[in-house]
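Below: one structure, written as structure tokens.
The values are calculated or read from the model by the stated rules, or taken from the named source; none is laboratory data. Worth saying up front: this structure is predicted, and the values here are computed from it rather than measured. For the accessible areas, the whole protein counts, side chains as well, though only heavy atoms, and no ligand, DNA or RNA atoms are used. Shrake-Rupley method; radii C 1.70, N 1.55, O 1.52, S 1.80 Å.
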Amino acid sequence: MDDFILSPQYRDILSLVKGFRNGVVYGTKIRFPHALVMTVLFRTGSPQQKITAILQATKAHARGLAFFVTGYKSLMLLQRYLSATGKNTDVHTFIAGFVSGYFVFGEKTSVNQQIILYLFSRIAMGLVNTAMKTTKFKAPPNSFALFAALCWGMVMVLFRRDKSVLQDSLRSSMTYLYEDSNHWTSLKTLLWHNK
């Protein structure tokens with residue numbers, strides 16, 4: 001069995017198997033604790049409904065990552081095979097990511113939206129770091145504080161002017177923090193219960 005697994009002849013196909021496996025494992029490790037905490041803290045319903053919600057979110061995240069990795073790696077292998085040089089390029093990488101992202105994460109679900117928003121924020125930071133690296137620009141010592149201030153200033157204006165443009169969970173959190181804190185009817189709803 002080890003001869004088969006370690007054979008260079010089967011390396012590409014086995015990398016798809018391992019990629020699928022890693023997508024399932026990583027998606028489960030990331031989503032299960034998050035879904036558990038968020039469900040316990042914020043979701044209403046019976047224990048059975050809560051368990052179902054946790055397992056569904058975990059399955060969606062693990063499945064999405066597993067299929068994305070498999071689709072991406074498959075398209076990279078195909079493009080390498082079709083390439084005159086037998087090597088992948090940045091264009092191949094973009095195409096494989098674009099196609100796999102469209103088909104795997106293209107449906108607007110709460111799990112997909114969280115993954116894409118997380119990814120977008122990391123891409124934005126990566127582009128800023130790339131620009132700084134290639135231009136030799138040195139960020140001021142307080143650049144992160146300025147970035148944090150800009151983000152909070154913008155989100156507060158968006159929330160105040162038209163909160164409907166914000167993502168559902170962010171809008172819900174901000175409503176809880178900034179609007180619900182303006183209302184109470186007793187000491188109990190002032191300090192213990194929100195409503």
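Things worth noting here:
- Inter-centroid distance (Cα atoms) of the range 1-77 relative to the range 167-195, Å: 35
- Over the chain, all Cα pairs binned in 5 Å intervals from 0 give whole-percent P(r) values of 1, 6, 9, 12, 13, 14, 14, 12, 7, 5, 3, 2, 1, 1, 0, listed from short to long.
- Diffusion coefficient, µm² s⁻¹, Stokes-Einstein with Kirkwood Rh over alpha-carbon pairs of the range 146-195 at 4 °C and 1.567 mPa s: 107
- The range 1-76 shape via C-alpha gyration tensor axes, a/c threshold 1.5: prolate
- Too-long pairs where the Cα-Cα distance tops 25 Å, listed order kept, from Lys29/Lys73; Lys50/Lys188; Lys73/Lys108; Lys29/Lys133: Lys50/Lys188; Lys29/Lys133
- Share of carbon and sulfur in the accessible area of the chain stands at 66%, probe radius 1.4 Å.
- Relative intensity of the range 72-166 on a log10 scale, I(q)/I(0) at q = 0.20 Å⁻¹, equals -1.08, per a Debye sum over C-alpha point scatterers of equal strength in the absence of solvent.
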